[in-house]
1. Looking at (1) away from the ligand (no atom under 16 Å from the Cβ); (2) within 23 Å of Leu59 (Cβ to Cβ); (3) not charged (D, E, K, R), find the lone condition where Ile160 falls short.
2. Tell me the residue from Cys357, Cys305 that is touching a residue at least 24 places away in the same chain (Cβ under 8 Å) and either in a helix (DSSP H, G or I) or more than 16 Å from the ligand (Cβ to nearest atom) (or both), please.
3. Cβ contacts < 7 Å: first residue of a type in the set (Lys, Arg), restricted to region 147-163; second residue within 13 Å of the ligand (Cβ to nearest atom) and assigned to a helix (DSSP H, G or I), any location; separation 6+ or different chain. Result?
4. With the requirement that a residue be more than 11 Å from Ala242 (Cβ to Cβ) and either in contact with a Pro (Cβ under 7 Å, 6 or more places away or on another chain) or at pLDDT below 95 (or both), what does region 345-366 give you?
5. Checking Pro312 against (1) open to solvent by less than 20 Å² (accessible area, probe 1.4 Å); (2) within 16 Å of the ligand (Cβ to nearest atom), which single condition isn't satisfied?
6. Quick one: which residue in Asp145, Asp192, Asp176 is within 16 Å of the ligand (Cβ to nearest atom) and charged (D, E, K, R)?
7. Evaluate the following for Pro256: is it part of a loop (DSSP other than H, G, I, E, B) and either open to solvent by less than 10 Å² (accessible area, probe 1.4 Å) or free of Cβ contacts under 8 Å to residues at least 12 places away in the same chain (or both)?
Amino acid sequence: MAGATGFVWHERYMWHMTGFAAGPIPAGGLIEPDIHIENPAAKRRMRNLLEVTGVLDALTSIPPRQATEPEVLRVHGAAYIAGLKAMSAAGFGDAGELTPLGRDSWEIALLSAGGCLAAAEAVWRGDVAHAYALVRPPGHHAERDRGRGFCLLANVAITIEHLRAAFGARRIATVDWDVHHGNGTQSIFYADPEVLTISLHQDRNYPRDSGDMEERGEGAGWGANLNIPLPPGSGHGAYLAAFDRVVLPALARFKPEMIIVPSGFDACAMDPLGRMMLVTESYRELTRRLMSAAEVLCGGRLLFCHEGGYSPAYAPWCGLAVMETLAGLPPTPDPFGHLASMGGQGLKPAESVVLDCAAALVEKIPV
Ligand code: ZN
């Protein structure tokens with residue numbers, strides 16, 4: 001079935017409860033309770049848009065499974081896991097920093113990580129050419145012993161360790177285009193020369209204490225972590241240039257066996273937690289570039305694992321653009337097309353300077 005586009009979804013992903021808050025800040029005191037910003041709306045609407053446009057019919061459904069505890073323990077500490085289970089059973093708690101959870105969140109987090117595992121297995125075996133795992137809760141902020149930024153389990157890291165343990169994979173690259181820094185993935189593989197972690201993000205949005213370009217890895221892994229912290233306001237031109245001048249040369253040098261994209265849509269022009277300006281056409285272009293790179297470097301093996309994206313109105317259209325591109329379908333006209341002509345969409349001088357600095361780091365990536 002090579003050539004097919006795999007897709008992971010499960011209704012239970014929408015049942016992970018993050019409680020009451022104002023944006024990401026817990027309710028209480030002067031904070032009037034409202035729905036937490038990490039809620040099902042944007043993800044559910046992306047899945048619904050895929051259905052009503054008929055795109056879903058062109059995808060190959062991959063059923064998720066629950067990740068096993070040994071699979072999770074390859075990445076996370078036992079004490080952290082025990083704490084998660086206890087809070088989930090109690091029906092409330094916080095996994096660390098800004099990561100509220102509710103009853104059964106542990107089981108749903110296992111299903112989220114396991115959705116990424118199932119998609120990775122299907123891509124690795126060649127059952128599908130590439131896949132998108134529309135999972136929740138997200139994973140790229142979760143660290144070995146602490147949940148952060150709405151993330152309980154490090155879905156992509158667990159997936160990479162599974163590919164190594166079960167399939168003998170050696171070299172995996174991640175290209176994290178979520179607007180926030182992929183600090184969890186970075187920290188887990190910081191000393192690992194065989195996992196190239198690339199993160200494009202808004203400079204010091206979240207977390208504030210990581211994501212600088214100087215963070216290159218350590219020990220044998222020095223050089224295999226590449227941060228591209230872009231100024232707020234970066235748009236279509238900046239991201240395309242970032243791919244052409246940094247991301248694609250880095251992938252070509254590293255020669256991964258699979259490319260995994262921690263895929264948030266919070267760098268889009270309507271996101272409440274980001275200050276970037278990407279539009280649907282940006283995501284189409286970036287996906288095309290990733291598909292071409294994967295085709296040349298690793299037999300087309302490309303996996304997207306869903307992360308953030310908090311605009312219920314626009315994130316679904318960005319997701320649709322990615323899925324249509326993967327599946328080779330013509331673009332559905334974007335009702336938010338006016339965003340593409342906003343001022344500032346072109347590459348600006350300050351952004352270009354950042355890219356020049358990042359491009360200089362590519363030749364230090366271990367091969
Ligand atoms: Zn994010």
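1. (2)
2. Cys357
3. Arg148/Gly184
4. Ala350, Val362, Pro366
5. It fails just one condition, (1).
6. Of the residues listed, the single one that is within 16 Å of the ligand (Cβ to nearest atom) and charged (D, E, K, R) is Asp176.
7. Against the criterion (part of a loop (DSSP other than H, G, I, E, B) and either open to solvent by less than 10 Å² (accessible area, probe 1.4 Å) or free of Cβ contacts under 8 Å to residues at least 12 places away in the same chain (or both)), Pro256 qualifies.
Here is a yes/no grid of residues against (1) of a type in the set (Ser, Thr, Tyr); (2) within 19 Å of the chain's Cα centre (by Cα); (3) under 23 Å from His130 (Cβ atoms); (4) surrounded by fewer than 19 Cβ atoms within 10 Å (Cβ to Cβ):
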| position | (1), (2), (3), (4) |
| --- | --- |
| Arg12 | no, no, no, yes |
| His16 | no, yes, no, no |
| Glu51 | no, no, yes, yes |
| Leu56 | no, no, yes, yes |
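The values are calculated or read from the model by the stated rules, or taken from the named source; none is laboratory data. Every value quoted in this text rests on a predicted model; they were computed, and no experiment measured them. Glycine gets a Cβ as well: all are built from the backbone with ideal geometry, and neighbour counts include every protein chain shown. For the accessible areas, the whole protein counts, side chains as well, though only heavy atoms, and no ligand, DNA or RNA atoms are used. Shrake-Rupley method; radii C 1.70, N 1.55, O 1.52, S 1.80 Å.
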